[in-house]
Amino acid sequence: MLNTPWDTGSPLYRRLVIAALILTGVGILLAIAGAMLETDPLVFAALPIIIAGMAAHLAGLVVRGRDARRRHRPDGGTRPTSR
C-alpha cells in the first residue's frame, strides 16, 4: 500500500496544508474579483493573503520533513530530542 504524505503526516502538517489551501484560494479569488471590478486596493489587499498561504505551505513542508526524519530514525522516532 502506498503511503501518502497526508496519510503519514502529523495533525500539525494537515492543519498547515488546509490553511495554505484556504488562504491561497481566498487570496486568488480576491485578486480575480479586484481585477474584474477594476479595484486596485482589493487586488493589493489580496497579495498578503496569498503570501500568507505560501508561508503556510512552506511551513508544512518543513513539518513534513521533520516528521519523515523522525519516522526513519533507527529507534522508530522514540528517542527524545535534544533541546
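The values are calculated or read from the model by the stated rules, or taken from the named source; none is laboratory data. Small disclaimer: the values here were computed from a predicted structure and weren't measured. In this analysis, Cβ positions are derived from the backbone assuming ideal geometry, glycine residues included, and neighbour counts consider all displayed protein chains. These accessible areas exclude ligands, DNA and RNA; they are computed on the full protein's heavy atoms, side chains included. Shrake-Rupley method; radii C 1.70, N 1.55, O 1.52, S 1.80 Å.
Which is modelled with pLDDT of 95 or more and either farther than 29 Å from Ala68 by Cβ or surrounded by fewer than 16 Cβ atoms within 10 Å (Cβ to Cβ) (or both), of Ile50, Ile22?
After ruling out the rest, the residue left standing is Ile22.
Restricting to the stretch 30-47, and then to whatever is without any contact (Cβ under 8 Å) to a residue 12 or more places away in the chain and assigned to a helix (DSSP H, G or I), can you tell me which residue is most open to solvent (accessible area, probe 1.4 Å)?
Filtering first and then ranking leaves Met36.
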